[in-house]
Amino acid sequence: MGAFLNPFKPGAGHMPPYLAGREDEKKEFARLLKQKTILENLVLTGLRGTGKTVLLETFKPMAQAERWLWVGTDLSESASLNEANIATRLLTDLSVVTSGVKFAESDVVEGIGFTKTVNKVSHTLNYATLVAIYENTPGLVADKIKNILEVVWGAIKDLGVSGIIFAYDEAQNLSDHAQKDQFPLSLLLDTFQSIQKKGIPFMLALTGLPTLFPKLVEARTYAERMFRVVFLDKLENHAVSDAINIPLKDCPIKLSHQSIAQITTLSGGYPYFVQFICREVYDVFIQKIDDGEKLSVPSEEILRKLDTDFFVGRWARATDRQRELLGVISELSNCDGEFSVQDVVVKAKEAADKPFSSSHVNQMLSSLTESGLIYKNRHGKYSFAVPLLGQFIKRQRIDGVNRAL
């Protein structure tokens, strides 16, 4: 039984054996690829564990099939420190697809005396050439980048390409720094809006946590009209079943309807948790079959392993008082959806040892947002930034009570 390798892959950004339940999102991206003039860019957003990185990787061959060039990477916080860094990021990424594109010719004189010859030397748009053009362009950083993008399009527009997609993961790391007079996020938005207005088909595809789009709109209000926001949510039950059954099609292990229902409930329908739980279940089932035992999903043991591997590190970022507040939030009937400061204040009067004032809740939610446990949407409502965090907190509180007893 051990010859069939465990197909499930719960790593961050790892492509699952079968990508289930994202057909609508693929259709929406296919629609964006048909644009001749770029009126809408893409923001792909959702909680951690919803498969944003995986879906972005799935979009890449779709774009390439439509003759789009694809550049991009993860956006680190260092890329957003200043405008020069974001410019370097763009030049570096562009050079990957333009390094073989002929840009210009120059005369090179060789030989000495009466034997001199003049040879034509071709230059390509490699990184060194892009940097030289950038440095020789007068004006601000924005002027330099816009000129680079215009030069690149002039060089590739007759090569049969549809355009270039600039795909950046973890884009919530982008931010302006007014106190340092550095505005890399605004620079990126201004640059692409400008060149798109000139009819240059260069499209942004940004993925990130739900804090991403509000940051874009805060930087430039027109960003609300510049992007098509696709929010990745948990999978429907039938998609969870496909994500489980299809990878096991040729495997001697088959999961019962009851086991699939248990996994669906435990995972909440979130793709990362589906992969994590299925990997554990597969290994357990292989062992039980070899030992001649009855097959069953060890729910409690898997949840404890999930808590240790996924939640505990994030939970450790919170102070004791913040954990108390998070415990109050976990008792809300709508804790897995959206909640307001007032919801928390009212619930705290029932569930907390010490009440929380509105100003205190506001302050603590802001701190929890910075630590990545909470996020605030554009309508002033809050949500957990980590899926199923409320259930984890409840388990922690139960364990604490049991230890006290």
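Per-residue counts of other Cβ atoms within 10 Å, averaged by peptide: what ranking do you get for 274-285, 241-252, 321-332, highest first?
274-285, 321-332, 241-252
Out of (1) 21.3, 74; (2) 21.3, 65; (3) 26.0, 101, which label holds the value of Rg and Dmax of the Cα atoms in Å that was computed here?
From the options (1) 21.3, 74; (2) 21.3, 65; (3) 26.0, 101, the structure gives (3).
With contacts defined as alpha carbon pairs under 8 Å and 6 or more residues apart, what's the relative contact order of segment 317-397 in percent?
36 percent
Greater than 26 Å separation of Cα atoms is the criterion. Which listed pairs, Lys215/Lys354; Lys146/Lys381; Lys36/Lys60, meet it? Walk me through the numbers before you get to the answer.
Details: Lys215/Lys354 34 Å; Lys146/Lys381 37 Å; Lys36/Lys60 18 Å.
In this structure, Lys215/Lys354; Lys146/Lys381 exceed 26 Å between Cα atoms.
Can you order the peptides 170-178, 25-33 by their average number of other Cβ atoms within 10 Å per residue, highest first?
170-178, 25-33
Counting DSSP beta bridges in the chain, what percent are antiparallel, to the nearest 5? Mind showing how you got there, number by number?
Working: 13 of 35 bridges.
Around 35 percent of the beta bridges assigned by DSSP in the chain are antiparallel ones.
Per-residue counts of other Cβ atoms within 10 Å, averaged by peptide: what ranking do you get for 181-194, 214-227, highest first?
Taking the mean over residues of other Cβ atoms within 10 Å, the ranking is 181-194, 214-227.
Which ³J(HN,Hα) values in Hz, rounded to whole numbers, follow from the phi angles of segment 206-220 under the Karplus curve 6.51 cos²θ - 1.76 cosθ + 1.60, where θ = phi - 60° and Gly and Pro get x?
Values per residue, Gly and Pro as x: 10, 10, x, 5, x, 6, 4, 5, x, 5, 4, 5, 5, 6, 9 Hz.
As a footprinting exposure proxy, order His238, His257 by other Cβ within 10 Å, with the fewest listed first.
Values: His238 11, His257 8.
Least to most surrounded, the residues fall as His257, His238.
With the cut-off at 1.5 for a/c, could you classify segment 237-313 from its C-alpha gyration tensor as rounded, prolate or oblate? Walk me through the intermediate numbers first.
Numbers: a/c = 1.90, a/b = 1.18, b/c = 1.61.
Because a/c hits 1.5 or more and a/b fails to exceed b/c, segment 237-313 counts as oblate.
Just subtract the alpha-carbon distance of Ala128 and Leu5 from 0.36 nm times their residue separation and send over the number in nm, one decimal.
Extra length from Ala128 to Leu5 when fully extended: 39.7 nm.
Taking θ = phi - 60°, what integer Hz values does the Karplus form 6.51 cos²θ - 1.76 cosθ + 1.60 yield along segment 60-75, in sequence order, with x for Gly and Pro?
Coupling constants for segment 60-75: 4, x, 4, 5, 5, 5, 9, 6, 8, 7, 10, 10, x, 6, 6, 8 Hz.
Could you tell me whether segment 325-376 comes out rounded, prolate or oblate from its Cα gyration tensor? Rule is a ≥ b ≥ c as square roots of the eigenvalues, rounded for a/c under 1.5, then prolate if a/b exceeds b/c, otherwise oblate.
oblate
Using only Cα atoms and rounding to the nearest 10 degrees, what angle (0 to 90) does helix 341-351 make with the longest principal axis of the chain?
The two axes meet at around 20 degrees.
With n ≥ 4 as the cut-off for DSSP H runs, can you work out [θ] at 222 nm for the chain, using -39500 (n - 2.57) per run divided by the number of residues, rounded to the nearest 500?
The helix-only estimate for the chain comes to -15000 deg cm²/dmol at 222 nm.
Only the coordinates and a few stated rules stand behind these numbers; no lab work does. Remember, predicted model here, so these are calculated numbers, not experimental data. Positions of Cβ are backbone-derived with ideal geometry, glycine not excepted, and every protein chain shown enters the neighbour counts.
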